[in-house]
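**Q** I have a structure I would like to understand better, so I am pasting it below and will then ask my questions one at a time.
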Amino acid sequence: MKTVALPDGTQVPALGMGTWMMGEARGRRAAELAALQRGIDLGMTLIDTAEMYGDGAAEELVGEAIRGRREQVFLVSKVYPFNAGRRSMPAACERSLKRLGVDCLDLYLLHWRGDIPFDETVAAFERLQAEGKIRRWGISNLDVQDMQELSTVPGGGRFAVNQVLYNLTRRGIEWDLQPWCAARHVPLMAYSPLEQARLLPQPKLAELARHLQATPAQVALAWLLRRPDVIAIPKSSDPRRVEENAGALELTLDTDTLAKLDRLFPPPRGARALEML
């Protein structure tokens, strides 16, 4: 499994699993559990979830999937912005830990920016870290200006990752956010790397994938995985799709293929507001 280094030197899988919209339907639960467990078997041991997903249902699903395998998993969850205060964050973290059935998160993220000042949020993160509830913290959906502001508060530069929307059709971060993070050795975690499967039916991408004897999903993921500082977290409720996603690790895109992808999905030509889903 290819890995990406976090700022503290910890190596994490470059290809993990997301859980947005999982755990919400009883009829899908068995397949979702099987998908997460198959991903762990294949080395996709970074699992991302959030208290927001299904009002905690995704965390409960993940907790069931990793039971007896906690030490194999790098576990990520996210806190609502309105729960990111000195008093509210510890309570939110405890609820997440309980749903997950664990005593510590490997990484805890601010889901997006809210009204609580950054200095209060950082202080809450650091308290949880000191208490052993989380091993490290990071942010999600923060643009360059937010990152710069965060870095000015005490302890605000100690974020481990920034989780953002990034895929072939959402390349705006390449203009400024990605270079800013790369210069500080902060990885990006790409959510919706397949644009919630909307990328897959595109005829020209499908044609290119056939030429490479791969699938569109594998090409789109391999395009992200070629970068040394990007962690991709596709979500799938089907073990077969998880196996397909894992196949992206075996796919190398040459310069000609990358140029074709640039023509199909052009990089940004100027600064853009950070996109979110």
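**Q** Under the rule a/c < 1.5 gives rounded, and otherwise a/b versus b/c splits prolate from oblate, where does segment 66-136 land using the Cα gyration tensor?
**A** Prolate.
**Q** Send over the Kirkwood Rh of segment 15-136, from the inverse of the averaged 1/r over different Cα pairs, rounded to one decimal Å.
**A** 14.4 Å
**Q** Also, I was wondering about something else. Please grab the % of Cα pairs in segment 157-277 that end up more than 18 Å from each other.
**A** Tail of the P(r) past 18 Å holds 51 percent of the pairs.
**Q** I would also like to ask the following. In what sequence do Ile66, Ile40 fall when counting other Cβ within 10 Å, fewest first?
**A** Least crowded to most crowded, the residues run Ile40, Ile66.
**Q** Which log10 I(q)/I(0) values does segment 1-54 give at q = 0.26 Å⁻¹ under the Debye formula, counting every alpha carbon as one identical point scatterer?
**A** For segment 1-54, the Cα-only Debye profile gives -1.02.
**Q** Provide Arg87, Arg158 in ascending order of the number of other Cβ atoms located within 10 Å of each residue's Cβ, fewest first.
**A** Result, fewest neighbours first: Arg87, Arg158.
**Q** Under 16 Å from a point 7 Å along the Cα-to-Cβ line of Arg269: which residues of segment 171-192 have their amide N that close?
**A** 171-172, 175
**Q** On the Cα set of segment 230-277, report Rg and Dmax in Å, please.
**A** Cα-based Rg and Dmax for segment 230-277 come out at 14.6, 39 Å.
**Q** Let me ask another. Exposure proxy check: Trp175, Trp20, Trp223 ranked by fewest other beta carbons within 10 Å?
**A** Placing the least packed residue first, the sequence is Trp175, Trp20, Trp223.
**Q** Test of understanding: what is the full-extension gain from Gln145 to Glu250, defined as 0.36 nm times their sequence separation minus their Cα-Cα distance?
**A** This chain segment gains 34.2 nm when fully extended.
**Q** Quick check: convex hull over the Cα atoms of the chain, volume per residue in Å³, rounded to an integer?
**A** 119 Å³
**Q** Here's something else I'd like to know. Can you give me the pair-distance distribution of segment 117-156, C-alpha pairs, 10 Å bins, whole percents?
**A** Reading upward from the zero bin: 31, 53, 16, 0.
**Q** Also, quick follow-up: With no solvent and one point per C-alpha, what does the Debye sum give as log10 I(q)/I(0) for segment 122-194 at q = 0.12, 0.15, 0.22 Å⁻¹?
**A** So the normalised log intensities are -0.35, -0.52, -0.97.
**Q** May I pose another question? Just for the chain, what percent of DSSP beta bridges are antiparallel, to the closest 5?
**A** Rounded to the nearest five, the antiparallel share is 15 percent.
**Q** Separation of segment 96-118 and segment 200-234 by C-alpha centroid, Å?
**A** Each part's Cα centre sits 30 Å from the other's.
**Q** Sticking with this one: Determine the calculated [θ] at 222 nm for the chain from helices alone, applying -39500 (n - 2.57) to every DSSP H run no shorter than 4 residues and normalising by the residue count; nearest 500 deg cm²/dmol.
**A** -10500 deg cm²/dmol
**Q** Shifting gears a bit: List the lysines whose Cα sits under 27 Å from the Cα of Lys2, skipping any in the same chain fewer than 8 residues away.
**A** Cα-Cα hits under 27 Å: Lys78, Lys235, Lys260.
**Q** Follow-up. Kindly state, to the nearest 0.05, the FRET efficiency for Thr152 paired with Ala206, given R0 = 45 Å and r defined as their beta-carbon distance.
**A** That gives a FRET efficiency of 0.45.
**Q** Return the loop-located trypsin sites (Lys or Arg not before Pro) in segment 31-79 (DSSP other than H, G, I, E, B) with at most 16 other Cβ atoms within 10 Å of their own Cβ; answer none if there are none.
**A** Arg67, Arg69
**Q** When the convex hull of the C-alpha atoms of segment 20-88 is computed, what volume per residue in Å³ does it have?
**A** With only Cα atoms used, segment 20-88 gives 92 Å³ per residue.
Read-outs: derived from the displayed coordinates by stated rules, not from any lab. Every value quoted in this text rests on a predicted model; they were computed, and no experiment measured them. Virtual Cβ from ideal backbone geometry, glycine too; neighbours counted across all protein chains shown.
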